[in-house]
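The values are calculated or read from the model by the stated rules, or taken from the named source; none is laboratory data. Small disclaimer: the values here were computed from a predicted structure and weren't measured. No Cβ is skipped: glycine too gets one built from the backbone with ideal geometry, and neighbour counts run over all protein chains shown. Note: areas computed on protein heavy atoms with side chains; ligands, DNA, RNA excluded. Shrake-Rupley method; radii C 1.70, N 1.55, O 1.52, S 1.80 Å.
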Amino acid sequence: MSWPYANFTEKELAVCPCCGEYNLDRDFAETLQMARDLFGYAMNVTSGYRCSLHNKAVGGSITSSHLKACAADIALPTALYASQINKVLPMFFDRIGINSKGDKRFVHVDTDMDKTEALWTY
């Protein structure tokens, strides 16, 4: 089967950057693609699936949804981009975290069914 997500690569969503381990939650990837289709602009995924070693190395929580391949961090290059994307993401995701500080601004989205709905900041 070919990769069905037009605006994201396997490397972005499903391959751990430290070891190449592969994991994909297709429901999450489909939801992210639907959000991207509605948004209409590029989404630069800076963190998708992570193995436990990589998750620990980047300071991720031991319960991080990235470990289940049902989460992504999306870069927020400008305030206008952040404002626009944050209008679309709540239509698709019940769990959103926003980091608007420093030089690595991003929004985290996930579909982790083991966690409650939440909106938070870092």
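Summary of values
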item	result
Subset of the range 69-86 [in a loop (DSSP other than H, G, I, E, B) and either open to solvent by 10 Å² or more (accessible area, probe 1.4 Å) or closer than 18 Å to F39 by Cβ (or both)]	L76, P77, T78
Among (1) open to solvent by 30 Å² or more (accessible area, probe 1.4 Å); (2) farther than 21 Å from W3 by Cβ; (3) in contact with a helix residue (DSSP H, G or I) (Cβ under 9 Å, 6 or more places away or on another chain) - the single one L89 does not satisfy	(1)
Subset of the range 99-122 [without any contact (Cβ under 8 Å) to a residue 60 or more places away in the chain, open to solvent by less than 80 Å² (accessible area, probe 1.4 Å) and either in contact with a Phe, Trp or Tyr (Cβ under 7 Å, 6 or more places away or on another chain) or not in a strand (DSSP E or B) (or both)]	N99, G102, D112, K115
Residue within the range 24-41 that is in a loop (DSSP other than H, G, I, E, B) and either in contact with a Gly (Cβ under 7 Å, 6 or more places away or on another chain) or open to solvent by less than 30 Å² (accessible area, probe 1.4 Å) (or both) present	no
Verdict on S52 being under 15 Å from the mean Cα position of the chain (by Cα), closer than 13 Å to C16 by Cβ and small (G, A, S)	no
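For every residue, the table says whether it meets (1) touching a strand residue (DSSP E or B) at 6+ places or on another chain (Cβ under 8 Å); (2) within 22 Å of P90 (Cα to Cα); (3) of a type outside the set (D, E).
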site: P4; (1), (2), (3): no, no, yes
site: N7; (1), (2), (3): no, yes, yes
site: K11; (1), (2), (3): no, no, yes
site: C18; (1), (2), (3): no, no, yes
site: N23; (1), (2), (3): no, no, yes
site: D27; (1), (2), (3): no, yes, no
site: Q33; (1), (2), (3): no, yes, yes
site: S61; (1), (2), (3): no, no, yes
site: S65; (1), (2), (3): yes, yes, yes
